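Just so it is clear, none of the values below were taken in a lab; they were calculated from the coordinates. Note that the coordinates shown come from a computational prediction; the quantities given were computed from them, not determined experimentally. When we count neighbours, we look across all protein chains shown, and the Cβ atoms used for this are built from the backbone with ideal geometry, even at glycine.
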Amino acid sequence: MFKERVLTALVLAPIMIGGIFFLEDKPFALFIAAIATIGAWEWANIAGYQKNWSRIAYAFAVFVCLYISARFLRVRPEYLVYYLAVGTLWWVVAFALVKRYPGGTDMWTARPIRALLGLCVLVPMWVGFMHLKTQPHSSLLIIYVMLIVWGADTGAYFAGKQWGKAKLAPHVSPGKSWAGFWGGLVTTIVIALIFGFCIDRWLQPMDGSDVIRLLFITVITMVISVLGDLVESMMKRHRGIKDSSSLLPGHGGVLDRIDSMAAAVPVFAFCMMLLGWGLVK
């Protein structure tokens with residue numbers, strides 16, 4: 001299992017990093033859309049659509065939604081903030097769902113509702129990536145979001161392993177602990193401070209306001225990334241499956257790899273817009 005995880009990671013990492021740094025706007029949009037569409041095929045199973053034709057139909061429907069969104073936002077770019085706002089609002093609602101679980105499932109157990117929730121996850125993720133891609137130093141911004149997610153996971157793993165007695169959401173993901181959460185938070189704050197120092201040193205001066213906004217955006221993004229993982233775990237637990245699919249040997253499915261990013265990217269992008277923060281003043 002460990003060997004499979006390492007080999008899969010060694011294949012996926014260069015593809016993702018290459019896509020971020022070397023693909024221009026339209027190819028990058030298709031690249032992220034392809035990831036979202038595969039994720040949609042997996043989400044259909046989580047939503048309870050087990051037949052392959054229905055899963056393919058759902059994935060196609062999500063791709064069509066992405067295409068319509070791209071065409072619409074090209075004509076009316078001022079509506080992008082509403083896409084990101086709705087995506088961020090969904091994660092506020094998701095927090096309430098996770099907190100109530102296993103109660104409250106009657107609100108979203110119907111397959112069409114769970115399918116709709118998939119749209120709330122995947123479409124804002126794609127829109128968030130597209131917004132970041134239009135920003136100055138876009139590759140650096142996207143890599144930074146990945147570092148937030150990675151830092152949250154890594155800090156949570158080591159802190160949880162050492163002190164993880166009190167469970168964060170025992171009915172959703174028994175392996176997650178409050179110690180892991182705080183460990184992930186501390187790790188991401190350290191990453192933010194290092195990132196801010198590097199920006200100040202090599203890109204542009206950072207004043208106190210810039211640092212505060214960077215820390216605020218980082219902390220919010222980290223918290224939401226944890227929630228993204230919990231929501232997918234909750235949906236899979238309700239469905240009675242361990243992984244979203246078996247596409248990635250040793251890792252499960254694509255959704256199992258991008259659940260935290262799917263939550264983090266639109267929230268990070270929305271906070272950037274809301275606070276007027278960026279890598280160029």
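Note down the net charge around residue 106, summing +1 for each Lys or Arg and -1 for each Asp or Glu among other residues with Cβ under 15 Å from its Cβ. My count for the surroundings of residue 106 gives +3.
Taking other residues whose beta carbon is less than 15 angstrom from the beta carbon of residue 66, and scoring Lys, Arg as +1 and Asp, Glu as -1, yields +3.
Packing, as the average of other Cβ atoms within 10 Å across residues, places the peptides 60-68, 99-107, 120-128 in the order 120-128, 60-68, 99-107, highest first. Which log10 I(q)/I(0) values, to two decimals, does region 61-207 give at q = 0.09, 0.21 Å⁻¹ under the Debye formula with one point per Cα? Normalising to I(0) and taking log10 leaves -0.41, -1.25. Counting every C-alpha pair in region 98-170, the share spaced more than 16 angstrom apart comes to 70%. Given the pairs 165/242; 176/236; 133/236; 167/236; 51/99, which span a C-alpha to C-alpha distance of over 25 angstrom in this model? Violating the 25 Å limit, Cα to Cα: 133/236; 51/99.
Estimated at 0.36 nm per residue, the fully extended path between residue 61 and residue 193 surpasses their Cα-Cα distance by 43.4 nm.
Placing pseudo-labels 7 Å out from each Cα toward the beta carbon at residue 75 and residue 143 gives an inter-label distance of 3.8 nm. Other residues whose C-beta falls under 12 angstrom from the C-beta of residue 262 contribute a net charge of -4, scoring Lys and Arg +1 and Asp and Glu -1. Residues whose amide H comes within less than 5 Å of that of residue 168, counting only those at least five positions distant or on another chain, are 176, 177, 178 (H built at 1.01 Å from N in the peptide plane).
Residues in region 98-106 carry Karplus couplings, in order, of 5, 5, 7, 4, x, x, x, 5, 5 Hz; the curve used is 6.51 cos²θ - 1.76 cosθ + 1.60 with θ = phi - 60°, and Gly or Pro positions show x. Each eigenvalue of the Cα gyration tensor of region 14-139, multiplied by 5 and square-rooted, gives one semi-axis; in descending order these are 27, 18, 14 Å. Taken one residue at a time, the phi angles of region 183-189 give Karplus couplings (6.51, -1.76, 1.60, θ = phi - 60°) of x, x, 5, 4, 4, 5, 5 Hz. Gly and Pro are set to x.
Any chance you could tell me what percent of the C-alpha pair distances in the chain go past 24 Å? When every Cα pair of the chain is considered, 50 percent fall beyond 24 Å. For the pair residue 216 and residue 161, what calculated FRET efficiency results from E = 1/(1 + (r/R0)^6), where r is the Cβ-Cβ distance and R0 = 25 Å, to the nearest 0.05? E(calc), rounded to 0.05, equals 0.30.
Rounded to the nearest 500, the 222 nm mean residue ellipticity of the chain from helices alone is -27000 deg cm²/dmol, with -39,500 (n - 2.57) taken per DSSP H run of at least 4 residues. Between the residues 54, 64, 273, the greatest Cα displacement towards the positive end of the dipole of the chain, with unit charges on the Cβ of Lys, Arg, Asp and Glu, is found for 54.
Subtracting the Cα-Cα distance of residue 53 and residue 93 from 0.36 nm times their residue separation leaves 11.4 nm of extension gain.
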